[in-house]
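> First the structure, which I've put down as structure tokens, then a few questions once you've had a look.
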Amino acid sequence: MTLEQLGWSDHFAAAFAPHTALGRAPARVTLELKGFYEVTDPNGARLGECTGRFAHDAAGPADFPAVGDWVAVTPRPGDDTRADIHALLPRRTRFSRKAAGEEVVEQVVAANVDTVFLVSALDANFNLRRIERYLAAAHASGAQPVVLLNKADLTEDGEARRAEVAAIAPGVPVQVVSAQTRRGLKALAPWLAPGATVAFLGSSGVGKSTLINRLLGDRVQDTQEVRGADAKGRHTTSQRELLVAPGGALIIDTPGMRELQPWAPAAQLGAAFADVAELAARCRFRDCTHTTEPGCAIAAALADGTLDLARWQSWQRLRREAAYEVRRADPRAARQNKSEWKKLIKGYRQRVREKSGED
């Protein structure tokens, strides 16, 4: 494969220029292993390992390579199957989440992705709130989100479900597909151009691996049946891997995620809730808490049904979680948050006093 077939572009060529004089070569991370990476270039795939200097300079796990990253490598002397990874090129896009556990750590799921296929199943697994979470993370990544509603063969409500998703995802393409019957797969062609990188993301059991098998034209990914009792899936993919489709598109498969904590500041989550953000901007007071203030556009929209209560609660929950994680990781943010709350309470009390005086 050429570098261009691996997704190389002028953007990465410019970023790599300083490494050329050092005798390094560009390669793309195509598989994550424990402590190692498969790195692929026109000469084929090698087993890559970060140098000691690379590991020393990394501030945290997010600074290490992820599938889809471009890295600067040199072959191991006397071993053409191994390579040393010296540097990570700046990422054009990155899909991140909070890593599992108590520690506040960013986990990069996939890098340099053009399109994120967010897969949900049209069975008991269907959940609008979960789709909102994936949309928030996808928008924050910088990649284009596309929602795939899989298992259309199991329901007659596919179009109704599509309309529900379209209502919470303005401007985002929503496709109803079936990996089993291949329904709707041809409609995915615009995002599967040669050299384009597409990441499949979704919870366990939604059919990501089966969809990828259909697009690859072979049983590359193992698949497992979903438990009938609760429609919960088993983890099929156990590692992140970049695969090449017959048409030349680069497909990243990822393990199913039962819970997604988007790694994004509250401000970046607004793209997935543009309708809510637009309403909040219409409130009379800039510091409106959307509770008891007069002229609150959110309260008015909830009252007349323009804004769905569940969507508003989902937006609040995501903002609280994002703000909480920021405060956990940064004491300064915690102090600033405390100061902002004091100002909000002071302003609220002032408005109450003014309103009492008018009465």
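> Between the stretch 18-96 and the stretch 115-135, what's the alpha-carbon centroid distance in Å?
Comparing the Cα centres of the stretch 18-96 and the stretch 115-135, I get a distance of 32 Å.
> Expected output is a single nm value to one decimal: the length gained when fully extending between LYS34 and ALA303, i.e. 0.36 nm times separation in residues minus the C-alpha distance. What is it?
Values: separation 269, 0.36 × 269 = 96.84 nm, distance 5.22 nm.
Additional length available on full extension: 91.6 nm.
> Grab the Cα-Cα distance for GLU159 and ASN43, subtract it from 0.36 nm times how many residues apart they are, and report the gain in nm with one decimal. Please report the intermediate quantities before stating the final value.
On the way: separation 116, 0.36 × 116 = 41.76 nm, distance 4.63 nm.
Roughly 37.1 nm would be gained on extension.
> Which whole-Hz couplings ³J(HN,Hα) result when phi for each residue of the stretch 65-81 is put into the Karplus expression 6.51 cos²θ - 1.76 cosθ + 1.60, θ = phi - 60°, listed in order with x for Gly and Pro?
The phi angles translate into x, 10, 4, x, 5, 9, 10, 9, 10, 9, x, 5, x, x, 9, 7, 9 Hz.
> Calculated FRET efficiency, LEU22 and ARG320, Cβ-Cβ r, R0 41 Å, to nearest 0.05?
Values: r = 46 Å, r/R0 = 1.13.
The calculated FRET efficiency here is 0.35.
> A follow-up question, please. Among 195-208, 46-59, 120-133, 170-183, what's the highest-first ranking by average C-beta atoms within 10 angstrom per residue? Don't jump to the answer; show the numbers that get you there.
On the way: 195-208: 23.9, 46-59: 14.7, 120-133: 19.9, 170-183: 17.5.
Per-residue Cβ counts within 10 Å, averaged per peptide and sorted highest first, yield 195-208, 120-133, 170-183, 46-59.
> Once phi is turned into ³J(HN,Hα) by the Karplus curve 6.51 cos²θ - 1.76 cosθ + 1.60 with θ = phi - 60°, what whole-Hz value does each residue of the stretch 195-200 show in order, with x for glycine and proline?
x, 7, 9, 10, 10, 9
> Run the numbers for ALA274 and VAL105: contour at 0.36 nm per residue of separation, minus the present Cα-Cα distance, in nm. Before the final figure, lay out each step's value.
Values: separation 169, 0.36 × 169 = 60.84 nm, distance 2.72 nm.
In short, 58.1 nm is gained.
> Between VAL105 and residues 5 or more places away or on another chain, which pairs have amide H atoms under 5 Å apart, with H built 1.01 Å from N, and which residues are they?
Those qualifying (amide H under 5 Å, at least 5 residues apart or on another chain) are ALA99.
> Running Debye on the stretch 4-88 with equal point scatterers at the Cα sites and no solvent, what base-10 log of I(q)/I(0) appears at q = 0.15, 0.20, 0.25 Å⁻¹?
The Debye formula, applied to the Cα set alone, gives -0.49, -0.91, -1.42.
> So, one more: If I model a spin label as a point 7 Å beyond the Cα along the Cα-Cβ vector, how far apart are those points for GLN180 and ALA281 in nm?
Here the modelled spin labels are 4.4 nm apart.
Every read-out reported here was derived from the displayed coordinates using simple, explicitly stated rules and does not represent laboratory data. Bear in mind that the values here come from a model prediction, so they are computed numbers and not experimental data. Positions of Cβ are generated from backbone atoms using ideal geometry, with glycine treated the same way; all protein chains shown enter the neighbour counts.
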